[in-house]
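Below: one structure, written as structure tokens.
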Amino acid sequence: MRTTILIWTSLALFLALGVQIARAADALEMLNVAREAAAKLDYTGTYFYHHGEHTEVLRVAHRADRHGELHKIEVLDGPHREFLRINDEVFCHMADGKTIRIDRNAVQRFFPAVVPDESVNLSRNYIPRLGGIEKVAGRECRVIILDPRDQFRYTHMIWLDRQTSLPLKTRTVDNHGAQVSMIVFSEIEIGTKPDKSIFDVRMAGKKIQAASLSQAQQPDDGWSISPPPGYVNILKAMRPLHGKKTPVLHRIYSDGISNLSVFIEPIVDGANYLDGLSTESAINIYSRRVSGYKITAMGEVPAAALLETANSVQKR
């Protein structure tokens with residue numbers, strides 16, 4: 001009798017594990033379809049970005065045709081900012097109204113393009129699973145949940161439109177279940193091509209900032225950085241930053257879902273620098289000094305990821 005109970009218990013656990021694996025595979029396949037939807041569908045809409053105690057309202061337009069992708073984001077509240085992506089080039093109209101920053105071979109994608117390409121193995125760093133069915137902007141969505149496998153990332157939830165697979169909402173929560181950030185459409189129209197004229201760059205009379213370089217193009221910068229497992233260097237660039245007299249070294253590390261930045265700048269005599277951990281809205285920040293340089297790691301990631309990264313920085 002006892003042997004029979006053990007056999008049935010083992011069988012039940014085996015079947016439960018099989019169901020869990022199948023659901024994880026289903027979740028990953030849905031995310032693959034969502035990635036294609038974000039790249040190939042035409043859509044316009046308005047969404048809210050909630051981060052910390054702040055909320056921003058943004059308008060998005062996306063057009064896909066035989067020439068590639070056009071993607072425009074406008075910040076509707078506060079100082080006017082505009083981001084325009086034309087295939088692999090990003091044009092950022094800065095808040096001063098006079099400057100355009102151009103990033104060539106840009107790695108960043110705009111919401112709702114939140115799913116990384118197929119080369120990223122999400123299941124290495126996250127446990128994917130299916131959530132429930134919920135409505136976003138009046139449309140029925142399936143929730144996909146990515147639970148972290150370690151302390152270096154948060155839980156991410158993505159709401160996929162059941163009709164088109166387009167992501168309509170994302171939510172990031174910490175290991176206590178508290179919300180870190182949320183992006184959600186309030187209204188969206190899918191399937192109608194936006195007029196091509198709204199994607200004009202309008203560079204006449206603007207000051208142009210230097211473009212960044214991709215990981216493949218950037219020469220060795222003389223720094224050794226070891227981020228947590230799963231994070232890979234996707235960009236190295238020298239960036240001009242507001243209030244800085246000279247450009248600073250900027251690296252971006254990503255696991256496909258979570259991103260963190262590292263900034264390295266020479267310490268200036270008489271300047272006031274704050275070391276240690278701090279938080280600004282949904283962004284964690286950690287700063288330290290190494291060999292006469294200020295090292296700052298920041299991102300919408302757990303503090304453990306920033307500490308691991310910034311404390312590894314060494315001048316070669």
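Miscellaneous remarks
- Residues whose placed amide H lies under 5 Å from that of residue 131, excluding near-sequence neighbours: 143, 144, 145
- DSSP-assigned coil residues among GluC sites (Glu not before Pro) in the range 27-68, each with at most 12 further Cβ atoms within 10 Å: 53
- Applying the Karplus relation 6.51 cos²θ - 1.76 cosθ + 1.60 with θ = phi - 60° to the range 196-202 yields 3J(HN,Hα) values of 5, 5, 6, 9, 5, 6, 6 Hz, where x marks Gly and Pro.
- Amide hydrogen proximity for residue 255: with H placed 1.01 Å from N in the peptide plane, the residues at 5 or more positions away or on another chain lying under 5 Å are 232.
- Set of lysines near residue 135 by C-alpha distance (under 30 Å), chain-local residues within fewer than 8 positions excluded: 40, 72, 169, 193
- The 3J(HN,Hα) values that the Karplus relation (6.51, -1.76, 1.60; θ = phi - 60°) gives for the range 112-118 are, in residue order, x, 7, 9, 9, x, 6, 5 Hz. Gly and Pro appear as x.
- Distances between placed amide hydrogens fall under 5 Å for residue 181 paired with 172, all partners being 5 or more residues away or on another chain.
- Scalar couplings 3J(HN,Hα) for the range 252-263, obtained by applying the Karplus form with A = 6.51, B = -1.76, C = 1.60 to θ = phi - 60°, are 10, 10, 9, 9, x, 10, 9, 10, 9, 10, 10, 10 Hz; x denotes Gly and Pro.
- Using the Cβ-Cβ distance between residue 232 and residue 315 with R0 set to 25 Å, the FRET efficiency works out to roughly 0.70.
- Taking 159, 223 and counting other C-beta atoms within 10 Å, the order from fewest to most: 223, 159
Read-outs throughout are calculated quantities, based only on the coordinates presented, and are distinct from any laboratory measurement. Note that the structure is predicted; figures quoted are calculated from it, not measured. No Cβ is skipped: glycine too gets one built from the backbone with ideal geometry, and neighbour counts run over all protein chains shown.
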